[in-house]
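A.B. asks: After the structure tokens below, expect a handful of questions from me.
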Amino acid sequence: MDDRLGDKQLLKIKHLLGIKGMCKEDLDLILKTSVSFKQILDTPNKKVAALKGITVVNMFFENSTRTKISFEMAEKRLSADVLNFAASSSSLKKGETLIDTAKNIEAMKIDMVVMRHSTPGAHKMLMDNLDSIIINAGDGAHEHPTQAILDLMTIVEHIPDLKGKRVTLVGDIVHSRVAMSNIHALKIFGAKVQVCGPSTLMPRDIEKMGVEVIYDLNEAIENSDVMNILRIQLERHVGASFPSLREYHNYWGITNEKLARAKNDILILHPGPMNRGVEIDDDVADGDHQVILDQVLNGVASRMAVLYLLSANIGGAK
Amino acid sequence: MKKMINNINLSEPLFKPVAKKLLIKNGTVIDAYAEKEFESDILIINGVIEKIAQSIKAEKGCEVIDAKGMYISAGFFDMHVHLREPGYEQAENIVSGTNAAMSGGITGLAAMANTTPCVDNKFILKDIQSRSKELLVTVHQIPAVTIKREGKVLAEMTELAENGALAFSDDGNGIQSSETMKGALEYAKMFGTPILVHPEDHSFTEGVMNESFTSTELGMSYIPAIAESINIARDIEIARYVDGKVHFQHVSAKESVELIRKAKKEKLKITCEVTPHHFSLTDDKVRTFSTDYKMNPPLRTQEDVDAIHKALKDGIIDVIATDHAPHPSEKKNVEFDFAPFGVLGLETMFSAGITYLVKPKKLSLMEFLKKITVNPRKILNLEPDLLKKGRTAEITIFDQNKKWKVDRRKLKSLSLNTCFHDDTHYGKVLYTINNGKIFKA
Ligand SMILES: [Zn+2]
């Protein structure tokens, strides 16, 4: 055990499948531990022995560069043995099933599985069929819990008490696991959550999650303390969802000009990868309000925290 | 795939020949055709009803069923079944499917045409008819409306009707072209058979569950209720225009129910059915991520279920039919997005009706039985008056109050994909009699 880490406390959750249903105490503990890891990442010796002898497999059935690198970095900083497995989701439709694939890998004595998958709930299948600790690195448009945790960590660095603060998620809410996990997390911390974008990208009855829907970006910019700009999937939408990227950029793209009406200390987040010139302009992406690269570092720190805290359950997850 | 339970081969028929003389004693006859309920015995000789009267004496050599505390009804009818033969026999075959049917009290069923090859010509129809002979359950194979169910070219409907087709259906696919639908309805008028419509507008992006707050929270791709109701609205217009006979299959949305309510007020020749899962369950079940709850149309919301209950009571929904859709476990035991649509139904149609409709007083037992005996037969132009002297005994005997636990491993279907696994149901079928054969549960 690295003496830079205190006594390990226990989370109530055994796996991290989603933010929904988590309690504030668990999130507080993860955030606190993330801060410790961030401090360690700021020292010359960035590595701790916390997961020595533990094997983590990263199973990515969808393209992802960022999340995968971030998890891998976190695992290596914790001294875990890391195994990477990448395949397309469509290969699962034809070849070996997910359960068989996962059981085969688990048979090689692994302890934790980090998975990205296109289907909501795929992680529950893993949990029901494996003994390993399961961490969700994104399941369809359902949840992306570690993204919400790193976003929360980044926001809290600037706004320690979120109660009553307004956070706006901008863009493609209907296809966004980031939005869903963020909404759950922000509500737990007492923030007022607002979603903004074209009506076609707002999922049905989203208000029932306790969020406000707003179509006018200018109005949202005026009343927000934080804006989290979601990525527009270029290939996906043009057609029935919105007329053109040009129109999207004109009305929902964040520009410095539009930001002129914002509060002085507004924070701009983006989970990446960015489409510069579509949902966010260069001068905002590189500007004073953005904390985008902080998010990246916090991503490693918070994933270290999640892996570290959940590893307490290895061997007894069921 | 399940092949055996308790050493019984599920691909072998599970019925026996009925005794030469069979007397059903001490039971209550419930005749949904005559809308009468009375204490009576029934004597069956050589599989034909000889006498319905009180206190019939058991002659020598007469087998007796003591039906004390039980109801005796006309055999149930399920007008929406996928038997999977030919083409998908690892999921079900005609024998296993009819075993499941009779264990659910069903003596007659209509099988859909989405087999491989598709039932879109006389030769395949006759082939299936010849494989379905000598069974307890009477199988009515419904041919497709269009070749390969592609919605383009009409099947040879006159010849098919001449060879026993009671109706036509492209079930599994909505007929997208309004012109094809108009043609099919006009053409079918010549022989008085209805078109059974799978109402779905396929221009909506393919989804896996109902569009609702639940799909929002789960991040699942969705099928809006209007994908169904738009198609129903269109076909009501066509039916009015050509004076055609349309039966809407597996109606699931309140919007659909309201459209049909209006059309019935106009006295159009329109009927419809609902499945047991759509009157029992809501899309909240999808939160379990279990593919047992993946079906098309998808489970809807409580509001839709309430509208369905009311429409059943008001007679807007004529029929309860199962959309029995077996899939082998290796196909269902995958991620939600990749699993095929469909759930089993035959063995739980009756008990789901008792549990979710009759017990909570949404329907009386008589009203419920009408929807699984009289009405489907009427729609398909079959004789609905079964409980009378001289007719082949087509009878189901059940105990309305008997409790049982649905266990997927004990069902007679080759497949396991019931959406009622582990549920406690009321209502158990004890004997099913038809075509000179008897099944005892
Ligand atoms: Zn259908």
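The values are calculated or read from the model by the stated rules, or taken from the named source; none is laboratory data. This structure is a prediction, so every number in the text was calculated from the model and none was measured. Neighbour counts are summed over all protein chains in view; Cβ atoms, including those assigned to glycine, are modelled from backbone coordinates with ideal geometry. All accessible areas refer to the heavy atoms of the entire protein, side chains included, with ligands and DNA or RNA removed. Shrake-Rupley method; radii C 1.70, N 1.55, O 1.52, S 1.80 Å.
A.B. asks: What is the stretch B:24-74 by shape, rounded, prolate or oblate, if you read a ≥ b ≥ c off the alpha carbon gyration tensor as root eigenvalues and call it rounded for a/c under 1.5, prolate for a/b larger than b/c, and oblate otherwise?
C.D. replies: Prolate, since a/c reaches 1.5 and a/b exceeds b/c.
A.B. asks: Which value in nm describes the separation of the simple spin-label points at B:Asn6 and A:Gln233, placed 7 Å from the Cα toward the beta carbon?
C.D. replies: Between B:Asn6 and A:Gln233, the simple spin-label model gives 5.0 nm.
A.B. asks: For chain A, set up a Gaussian network in which alpha carbons nearer than 10 Å are linked by springs, and say which option among A:Ser302, A:Ser241, A:Ser36 fluctuates the most.
C.D. replies: In the Gaussian network model the winner is A:Ser241.
A.B. asks: Among all the aspartates and glutamates, which ones have a C-alpha under 17 Å from B:Lys267's C-alpha, if same-chain residues fewer than 8 places away are not counted?
C.D. replies: Leaving aside aspartates and glutamates fewer than 8 places away in the same chain, those within reach of B:Lys267 are B:Asp235, B:Glu237, B:Asp243, B:Glu258, B:Asp314, B:Asp318.
A.B. asks: From largest to smallest, what semi-axes in whole angstrom does the stretch B:1-118 give when each is the square root of 5 times an eigenvalue of its alpha carbon gyration tensor?
C.D. replies: One finds semi-axes of 34, 18, 12 Å for the stretch B:1-118.
A.B. asks: Now, a different point. Which of the trypsin sites (Lys or Arg not before Pro) found in the stretch B:312-406 are in a DSSP loop and have at most 14 neighbouring Cβ atoms, other than their own, within 10 Å?
C.D. replies: When the trypsin sites (Lys or Arg not before Pro) of the stretch B:312-406 are filtered for loop state and at most 14 Cβ neighbours within 10 Å, B:Lys361, B:Lys388, B:Lys389, B:Arg391 remain.
A.B. asks: Order A:Phe60, A:Phe85, most accessible first, counting only protein heavy atoms with a 1.4 angstrom probe.
C.D. replies: A:Phe85, A:Phe60
A.B. asks: When the accessible area of each residue in the stretch A:116-147 is compared between its chain alone and the complete protein assembly (1.4 Å probe; ligands, DNA and RNA ignored), which residues differ by at least 20 Å², being lower in the assembly?
C.D. replies: A:Thr119, A:Pro120, A:Gly121, A:Lys124, A:Met125, A:Ala141, A:His142
A.B. asks: Where does helix B:178-188 land angle-wise versus the long Cα axis of chain B, in degrees 0 to 90, nearest 10?
C.D. replies: Compared with the principal axis, the helix lies near 30 degrees.
A.B. asks: Rounded to the nearest 10 Å², what accessible area does A:Ile105 have for a 1.4 Å probe in the complete protein model?
C.D. replies: The accessible area comes out at roughly 10 Å².
A.B. asks: Kindly flag which residue pairs out of A:Lys24/B:Lys294; B:Lys189/B:Lys371; A:Lys32/A:Lys192 have an alpha-carbon separation exceeding 26 Å in this structure.
C.D. replies: Among A:Lys24/B:Lys294; B:Lys189/B:Lys371; A:Lys32/A:Lys192, the Cα-Cα distance tops 26 Å for A:Lys24/B:Lys294.
A.B. asks: Keeping the other protein chains in place, figure out the carbon and sulfur percent of the accessible area of chain B, with a 1.4 Å probe.
C.D. replies: It is 50 percent, rounded to a whole number.
A.B. asks: Further question: For the stretch A:96-155, run through the trypsin sites (Lys or Arg not before Pro) and keep only the ones in DSSP coil with at most 15 other Cβ atoms within 10 Å of their Cβ.
C.D. replies: A:Lys109
A.B. asks: In addition: Can you check what the Kirkwood hydrodynamic radius comes to for the stretch B:223-268, Cα pairs only, in Å to one decimal?
C.D. replies: Computed over Cα pairs of the stretch B:223-268, the Kirkwood hydrodynamic radius comes out at 10.7 Å.
A.B. asks: Could I ask something else about it? Chymotrypsin sites (Phe, Trp or Tyr not before Pro), restricted to the stretch A:203-267: which are DSSP loop and have at most 15 other Cβ atoms within 10 Å?
C.D. replies: Taking the stretch A:203-267 and a limit of 15 other Cβ atoms within 10 Å, the loop chymotrypsin sites (Phe, Trp or Tyr not before Pro) found are A:Tyr215.
A.B. asks: To the nearest 0.05, how large is the calculated FRET efficiency for B:Val153 and B:Ser130 if R₀ is 30 Å and r is the Cβ-Cβ distance?
C.D. replies: With R0 = 30 Å, the Cβ-Cβ based efficiency is 0.70.
A.B. asks: With unit charges on the beta carbons (Lys and Arg positive, Asp and Glu negative) and the dipole taken about the Cα centre of the protein assembly as shown, which residue among B:Thr138, B:Asn173, A:Leu78 sits farthest to the positive side?
C.D. replies: My answer, from the dipole projection, is B:Thr138.
A.B. asks: Can you compute the modelled spin-label distance between B:Phe191 and A:Tyr215, with each label point 7 Å from Cα toward Cβ, in nm?
C.D. replies: Placing both labels 7 Å beyond Cα along the Cβ direction yields 5.2 nm.
A.B. asks: Give the long-range amide H neighbours of B:His80: residues separated by 5 or more places, or on another chain, with amide H under 5 Å away, using H modelled in the peptide plane at 1.01 Å from N.
C.D. replies: B:Ala110, B:Thr322, B:Asp323
A.B. asks: Please turn the phi angles of the stretch A:191-198 into ³J(HN,Hα) values with the Karplus equation 6.51 cos²θ - 1.76 cosθ + 1.60 (θ = phi - 60°), one per residue in order, whole Hz, x for glycine and proline.
C.D. replies: Ordered by residue, 3J(HN,Hα) equals 6, 8, 10, 10, 10, 9, x, x Hz.
A.B. asks: Could you put B:His198, B:His421 in order of accessible surface area, largest first, with the 1.4 Å probe and the full protein assembly present?
C.D. replies: Result of the area sort, largest leading: B:His421, B:His198.
A.B. asks: When N is the residue count of chain A, what does its C-alpha Rg come to as a fraction of 2.2 N^0.38 Å?
C.D. replies: Relative to the rule-of-thumb radius for its length, chain A sits at 0.99.
A.B. asks: May I pose another question? By its C-alpha gyration tensor, with a ≥ b ≥ c as the square roots of the eigenvalues, how is the stretch B:76-379 shaped: rounded for a/c under 1.5, else prolate for a/b larger than b/c, else oblate?
C.D. replies: Because its axes are fairly even, with a/c under 1.5, the stretch B:76-379 counts as rounded.
A.B. asks: Next up: Once the protein assembly as shown is represented by equal point scatterers at the alpha-carbon sites, with solvent omitted, what log10 I(q)/I(0) does the Debye formula produce at q = 0.05, 0.10 Å⁻¹?
C.D. replies: Those come out to -0.32, -1.01, one per q.
A.B. asks: Moving on. With every atom except the alpha carbons ignored, what do you get for Rg and Dmax of the stretch A:1-56, in angstroms?
C.D. replies: 12.9, 38
A.B. asks: Suppose a student asked you for the relative contact order of chain B, using Cα pairs under 8 Å spaced at least 6 residues apart; what percent would you report?
C.D. replies: 21 percent
A.B. asks: Right, here's the next one. With everything on Cα atoms, drop me the angle between helix B:122-131 and the longest principal axis of chain B, reported from 0 to 90° to the nearest 10.
C.D. replies: That works out to roughly 40 degrees.
A.B. asks: Sequence neighbours fewer than 8 away in the same chain don't count; with that in mind, list the aspartates and glutamates whose C-alpha is under 19 Å from B:Lys388.
C.D. replies: Once the sequence-local aspartates and glutamates are set aside, what remains near B:Lys388 is B:Asp31, B:Glu35, B:Glu37, B:Glu39, B:Asp41, B:Glu50.
A.B. asks: How would the stretch B:50-147 be classified by its alpha-carbon gyration tensor: rounded, prolate or oblate, with rounded meaning a/c under 1.5 and the a/b versus b/c comparison settling the rest?
C.D. replies: Prolate is the answer for the stretch B:50-147, as a/c is 1.5 or above and a/b outweighs b/c.
A.B. asks: Let me ask something additional. To the nearest 10 degrees, how steeply does helix A:24-41 sit against the main Cα axis of chain A, on a 0 to 90 scale?
C.D. replies: That works out to roughly 80 degrees.
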